[in-house]
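Everything on this sheet refers to the single structure shown next.
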Amino acid sequence: MDTRPPALQPPNCPTDLRHVSITDALNLQKNVWQHRSLEEAEAIIQRMVQFQRNKRGLGIVAVHDDTIVGYGQTSLWMQCAEISDLLVIPEYQGQGIGTA
């Protein structure tokens, strides 16, 4: 049994996590970002891919059965880092995806 506080234990995540790719735009827009247009989704992903190339941040998708069920990104700034746009679709919330 892990005696560490829950916040320090590794999450038991039911999905695969990987870097976002421009090919994820339609899946993200359809499942996670319904409030955004496909063009907006593509622009966000392109920006995050550039951040990844420049080692200034990461865009991460949570995938379950070939469906994207969550997204999160980090950005590195001059003196700090930021976690933003952390979204998990309602059916998958509370399962450790955001924590992972």
TODO: Measure nothing but the geometry: give the 0 to 90° angle between the long axis through the Cα atoms of 38-53 and the longest principal axis through the Cα atoms of the chain, rounded to 10°.
DONE: 70
Task: Shape box of the range 32-80 [Cα atoms, principal axes, largest first, Å] - done: 35, 23, 17
TODO: Rounded to the nearest Å, what's the spacing between the alpha carbon centres of the range 37-56 and the range 66-82? Just the number, please.
DONE: 11
- [ ] Return, for the Cα atoms of the range 16-56, the radius of gyration and Dmax in Å, separated by a comma.
- [x] 10.3, 29
Open item on the list: At 1.4 Å probe radius, can you tell me the per residue accessible area of the chain in Å²?
Closed with: 67
- [ ] Express in % the proportion of alpha carbon pairs of the chain at distances exceeding 24 Å.
- [x] 25
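The values are calculated or read from the model by the stated rules, or taken from the named source; none is laboratory data. All values reported here derive from a predicted model rather than from experimental measurement. Side chains are part of the model used for accessible areas, which takes the heavy atoms of the whole protein and leaves out ligands, DNA and RNA. Shrake-Rupley method; radii C 1.70, N 1.55, O 1.52, S 1.80 Å.
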